[in-house]
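Read the structure below first, then the notes.
The values are calculated or read from the model by the stated rules, or taken from the named source; none is laboratory data. Note that the structure is predicted; figures quoted are calculated from it, not measured. All Cβ positions, even for glycine, are placed from backbone atoms using ideal geometry, and neighbour counts span all protein chains on display. Ligands, DNA and RNA are excluded from the accessible area calculation, which covers all protein heavy atoms including side chains. Shrake-Rupley method; radii C 1.70, N 1.55, O 1.52, S 1.80 Å.
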Amino acid sequence: MCLPSTANDHQRQRCTLQGLYCFISRKMSIITLQLGQCGNQIGGQMFQSLMDDVHMKPINTMVPPNKNEEYINDVLSTFFYQDGRSENQLPRARAVMVDMEPKVIAQTCMDAKKSGKWQYPEKQQLSQQRGSGNNWAHGFCIHGPKAKDQVIEMVQKEAEKCDNLGGFLSLMSLAGGTGSGVGAYITECLRDEFPHAFILNQVVWPYNTGEVIVQNYNAILTLSHLYRTVDAVIVMQNDHLHKICSQLLNIKKISFKDINKVICHKLLSILSPGTLHKYPGFTCSNSIGEIMEHMVPVSDYKLLTMKNIPQMPESSIQFSSFQWHGLLKHLRQMLIADAAMEEGRCKLKEDRVIFEASQVELIGRLRSVMKHQEEEPNTTNHWLTFNVRGKDVTTADTTAFEDSMLYAPWVPPGGALLKGTQPRVFNQYEKSACLLSNSKSPIVQMDYTVGKAWNMFSSRGYVHQYNKHGLVDEDFVDSFVTLEQVIANYKNL
């Protein structure tokens with residue numbers, strides 16, 4: 001891929017190396033950093049989801065045994081490793097766990113071992129007895145520097161176990177103090193230690209109704225620091241995830257575990273092994289590097305969002321059948337309307353799933369967006385990665401996502417969409433599709449959060465709690481300036 005003239009030498013060097021690696025080996029390992037309570041719980045669920053997928057009955061995978069075995073080997077080499085000292089040991093996750101309180105890490109490690117399918121590596125956990133008290137400054141200025149050397153040493157140990165390091169996946173929340181504060185500090189240290197490695201951050205945006213009183217401070221401080229450091233940030237909002245659990249999965253009492261399952265389904269839809277169709281006649285294995293090269297060719301635009309279809313209760317999956325045309329039609333509507341989910345309900349009829357709109361909200365948003373596009377076309381998306389998985393995947397027609405009306409006018413024809421395929425069934429869905437988008441979608445929420453944080457900062461609310469740990473007013477101002485520039489960049493496209 002030809003990078004634009006605005007790409008810096010750092011990006012060009014890493015993308016060139018990534019292109020060479022594509023030919024050398026198809027097994028690019030990913031090291032996961034689980035940061036804070038949220039990050040550790042998501043990480044534990046992600047590895048469990050991978051192993052559940054690997055242990056699916058071969059007859060249900062809808063691929064020949066040799067292809068299923070190849071997929072399993074790719075999953076294990078990408079996300080796990082086998083300790084050579086014993087053939088009977090469970091696969092170990094390529095992960096480093098960090099939290100300032102021991103309870104969540106201990107529980108996550110215990111759950112992994114109890115599964116009988118995998119476990120975490122020994123001595124790759126860092127915890128203390130006192131948390132960060134939801135204070136970003138406490139995590140970034142106090143706990144982070146104290147933890148730095150030990151965490152980097154653990155990361156180095158994991159990197160040495162990789163034949164071919166594809167990059168890092170960092171998992172964290174924006175609301176608390178450890179995941180956000182320590183997480184931001186450790187991510188900066190990671191960049192210093194691995195200057196040419198790809199770093200992808202997945203962050204969870206807190207509920208708008210509020211999880212902690214200072215969550216807007218924590219969010220803007222974290223995002224501003226990550227934006228200067230990582231290659232891309234996948235943003236997932238708790239409000240959207242909660243809505244998926246409630247309306248699509250029909251969960252009555254929604255727990256964080258339910259939400260984490262939705263997050264992991266989205267992440268693995270894009271990160272699990274598959275084939276990327278970069279150019280006509282040229283394919284390569286799915287990897288963080290290849291995705292980042294396509295999705296973030298310009299470092300000013302790093303915010304990514306994800307949309308998946310279908311999503312339904314586990315009890316309904318075995319009674320459901322899908323057609324690619326219907327799935328992709330609804331996914332395109334979600335993209336145009338910037339909807340986080342397919343806002344309807346499913347019913348089974350004549351072995352096909354017919355989607356019936358149960359609300360007029362999606363239709364209204366579609367009409368509004370289409371009217372806006374007639375007045376000001378080609379401003380919605382900049383780059384897309386499109387993954388389809390499951391039965392008859394070669395028949396999935398994605399030409400509707402190549403429509404130039406979906407993209408900014410300066411995006412070159414044929415350069416906006418990267419297609420990935422995997423014929424194996426994923427997470428029990430006979431057919432499934434995922435869309436990773438670099439667009440204006442997260443900007444509304446970011447603008448809202450920056451505004452709320454600024455109002456609190458201008459009235460000096462809780463600022464002294466951050467000052468006492470070493471964070472000065474200029475640090476707040478720098479974060480506001482950084483994010484205001486990000487917002488302006490996206491809005492001006």
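Would you point out which residue out of 75, 96, 104 is modelled with pLDDT of 95 or more, among the β-branched types (Val, Ile, Thr) and not in a helix (DSSP H, G or I)?
After ruling out the rest, the residue left standing is 96.
So which helices (runs of 4 or more DSSP H) stay within the range 223-329 end to end and still have 1 or more residues that are of a type in the set (D, E, K, R), out of contact with any Leu (no Cβ under 9 Å at 6 or more places or on another chain) and surrounded by fewer than 23 Cβ atoms within 10 Å (Cβ to Cβ)?
238-243, 256-271
Out of all the residues in the range 163-171, is one or more out of contact with any Cys (no Cβ under 7 Å at 6 or more places or on another chain), under 28 Å from residue 78 (Cα atoms), at pLDDT 95 or above and among the acidic types (Asp, Glu)?
No, there is no match, as no residue in the range 163-171 is out of contact with any Cys (no Cβ under 7 Å at 6 or more places or on another chain), under 28 Å from residue 78 (Cα atoms), at pLDDT 95 or above and among the acidic types (Asp, Glu).
Would you mind stating whether residue 168 is crowded, with 24+ Cβ neighbours inside 10 Å, farther than 15 Å from residue 218 by Cβ and not hydroxyl-bearing (Ser, Thr, Tyr)?
Criteria met by residue 168.
Considering only residues of the range 372-398 that are assigned to a helix (DSSP H, G or I) and at pLDDT below 90, which is surrounded by the fewest Cβ atoms within 10 Å (Cβ to Cβ)?
By that ranking, first place goes to 375.
Applying the selection to the range 44-73, what residues are open to solvent by less than 20 Å² (accessible area, probe 1.4 Å) and within 22 Å of residue 261 (Cβ to Cβ)?
Hits for the range 44-73 are 44, 46, 47, 50, 51, 53, 54, 61, 71.
If you check every pair at least six apart or on different chains, which have Cβ atoms under 7 Å apart with a residue in the range 482-493 that is open to solvent by less than 10 Å² (accessible area, probe 1.4 Å) first and a residue that is assigned to a loop (DSSP other than H, G, I, E, B) second?
490/301; 490/440
Starting from residues that are without any contact (Cβ under 8 Å) to a residue 60 or more places away in the chain and basic (Lys, Arg), keep the ones in the range 57-100 and report whichever is nearest to residue 149 (Cα to Cα).
Going through the qualifying residues, I end up with 92.
Quick check on this structure: which one of 78, 108 is among the polar types (S, T, N, Q), buried (at least 21 other Cβ atoms within 10 Å of the Cβ) and under 30 Å from residue 431 (Cβ atoms)?
Criteria check complete, one pass: 78.
Where in the range 411-493 are there helices (runs of 4 or more DSSP H), lying wholly inside it, with at least 2 residues that are closer than 28 Å to residue 296 by Cα?
443-458, 473-491
Failed condition for residue 181, given (1) surrounded by fewer than 18 Cβ atoms within 10 Å (Cβ to Cβ); (2) farther than 22 Å from residue 259 by Cα; (3) not hydrophobic (A, V, I, L, M, F, W, C), with all others met?
(1)
Answer yes if at least one residue in the range 212-222 is open to solvent by 50 Å² or more (accessible area, probe 1.4 Å) and either among the aromatic types (Phe, Trp, Tyr) or not in a loop (DSSP other than H, G, I, E, B) (or both), and no otherwise.
no
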